[in-house]
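Written out below as structure tokens is the structure these notes cover.
The values are calculated or read from the model by the stated rules, or taken from the named source; none is laboratory data. In this text, all values refer to a predicted model and were calculated from it rather than measured experimentally. Cβ: placed from backbone, ideal geometry, glycine included. Neighbour counts: every protein chain shown.
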Amino acid sequence: MRFEDRVAIVTGGSRGIGKQICLKLASEGAKIAIFDIEETLLKEVAEQIRHMGSEVLLLRVDISDFEKVDRAVKEVIDRFGRIDILVNNAGVNEDKLLLRMREKDWDKVLQVNLKGTFNCLRAVIRTMVKQRRGKIINISSVVGLRGNAGQANYAASKAGIIGLTKSAAKEVGRYGVIVNAIAPGFIDTPMTEKLQEKEREMFTPQIPLGRMGKSEEVASLVAYLASDEANYITGEVIKIDGGMAI
Ligand SMILES: NC(=O)c1ccc[n+]([C@@H]2O[C@H](COP(=O)([O-])OP(=O)(O)OC[C@H]3O[C@@H](n4cnc5c(N)ncnc54)[C@H](O)[C@@H]3O)[C@@H](O)[C@H]2O)c1
């Protein structure tokens, strides 16, 4: 039980990668607080976590709202007394070629993905510094490293997360707070279900391992980074993409 008595906040835990992160951390003893805008699916995840014998706190919060995130983090501290792990997982996409991209497509993706990550990190950092301990794991994307036609807004938000991760790691390392990013490739989730069969067929041959990744595989990497086994890794961006971005 790597996370016995540890408290984790996971954003976007109602489905996809975030759900598997919640289940993985809970299965190894963590108490989980989930920040999400979804409700029905979230209750199902909470049920599964309770079934494992772990505690869970559901907070309906839009991570792009600075004040609401701050209040939600205070609720987590009131309930559990500390925060050991923050996983900034919630994210959205509004894919369009630049010629068609509207201001609102840009703003929405940057507000949720980049500002939302900042809001959560900003809200927990003081507590983690005081504790002289904390792990922050930001979910970026290989698209943030390589760019992608039709995803300029998403790629910019994910590249921004990498800059935020490295800067935060430099600022808070001396206080025992560790900050890393994960860059998934093509993972089978509700986000990628939106893609047409044709697009999926186009991507798969570009992956040396010949298949999409699973949310559980990303969750295992998150758990490793959140655990004491990874206490000497900070400011890194770890790809999990079946070799797609070699
Ligand atoms: N699926 C992939 O191939 C892939 C690849 C690289 C990176 N990622 C990243 O991994 C993360 C999870 O992706 P996924 O595929 O599981 O996505 P998903 O769409 O299946 O789940 C996203 C979750 O975030 C929540 N969410 C959305 N907006 C929110 C907001 N404003 N406030 C709070 N919660 C909000 C949703 O309700 C949902 O629970 C995202 O950051 C995504 O960009 C995914």
Meets criteria (buried (at least 24 other Cβ atoms within 10 Å of the Cβ), in contact (Cβ under 8 Å) with a residue 60 or more places away in the chain and not β-branched (Val, Ile, Thr)) for Leu86:
yes
Please determine, by comparing only the residues of region 160-182 that are of a type in the set (D, E, K, R) and in contact (Cβ under 8 Å) with a residue 24 or more places away in the chain, which one is farthest from Asp107 (Cα to Cα).
Lys170
Out of the residues in region 212-245 that are outside any loop (DSSP other than H, G, I, E, B) and touching a Ser or Thr at 6+ places or on another chain (Cβ under 7 Å), which is surrounded by the fewest Cβ atoms within 10 Å (Cβ to Cβ)?
Val237
Filtered residues of region 1-53 (kept if closer than 24 Å to Val112 by Cα and assigned to a loop (DSSP other than H, G, I, E, B)):
Gly12, Gly13, Ser14, Arg15, Ile37, Glu38, Glu39
Whether any residue in region 128-135 is within 20 Å of Val222 (Cβ to Cβ), within 14 Å of the ligand (Cβ to nearest atom) and of a type outside the set (S, T, N, Q) is what I want to check.
no
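Here is a yes/no grid of residues against (1) within 14 Å of the ligand (Cβ to nearest atom); (2) among the hydrophobic types (A, V, I, L, M, F, W, C); (3) more than 25 Å from Lys158 (Cβ to Cβ):
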site	(1), (2), (3)
Glu39	yes, no, yes
Lys43	yes, no, yes
Glu55	no, no, yes
Ile63	yes, yes, no
Lys74	no, no, yes
Asp78	no, no, yes
Asn88	yes, no, no
Exactly one condition in (1) exposed (fewer than 12 other Cβ atoms within 10 Å of the Cβ); (2) at pLDDT 90 or above is false for Leu209; which is it?
(1)
Can you find a residue that is within 12 Å of the ligand (Cβ to nearest atom), without any contact (Cβ under 8 Å) to a residue 40 or more places away in the chain, small (Gly, Ala, Ser) and over 17 Å from Ile136 (Cβ atoms) anywhere in region 16-24?
no
Is it true that Leu23 is at pLDDT 95 or above and either of a type in the set (Val, Ile, Thr) or under 29 Å from Glu229 (Cα atoms) (or both)?
yes
Name the one entry in Asp188, Asp228, Asp241 that is in contact with a Gly (Cβ under 6 Å, 6 or more places away or on another chain), within 25 Å of Lys24 (Cβ to Cβ) and of a type in the set (Asp, Glu).
Asp241
Inspect all residues belonging to region 4-15 and state whether any of them is without any contact (Cβ under 8 Å) to a residue 24 or more places away in the chain, surrounded by fewer than 24 Cβ atoms within 10 Å (Cβ to Cβ) and more than 16 Å from the ligand (Cβ to nearest atom).
no
Any helices (runs of 4 or more DSSP H) falling wholly within region 75-165 and containing at least 2 residues that are more than 19 Å from Asn180 (Cβ to Cβ)
103-109, 116-131
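In region 171-189, which residue that is within 15 Å of Asn231 (Cα to Cα) and either at pLDDT below 95 or surrounded by fewer than 19 Cβ atoms within 10 Å (Cβ to Cβ) (or both) is nearest to the ligand (Cβ to nearest atom)? Can you show your working first?
Within region 171-189, the first condition is being within 15 Å of Asn231 (Cα to Cα), and the residues that meet it are 172-181.
Adding the requirement that they be either at pLDDT below 95 or surrounded by fewer than 19 Cβ atoms within 10 Å (Cβ to Cβ) (or both) leaves 173-176.
Details: Gly173: 24, Arg174: 28, Tyr175: 26, Gly176: 26 Å.
Among those that are within 15 Å of Asn231 (Cα to Cα) and either at pLDDT below 95 or surrounded by fewer than 19 Cβ atoms within 10 Å (Cβ to Cβ) (or both), it is Gly173.
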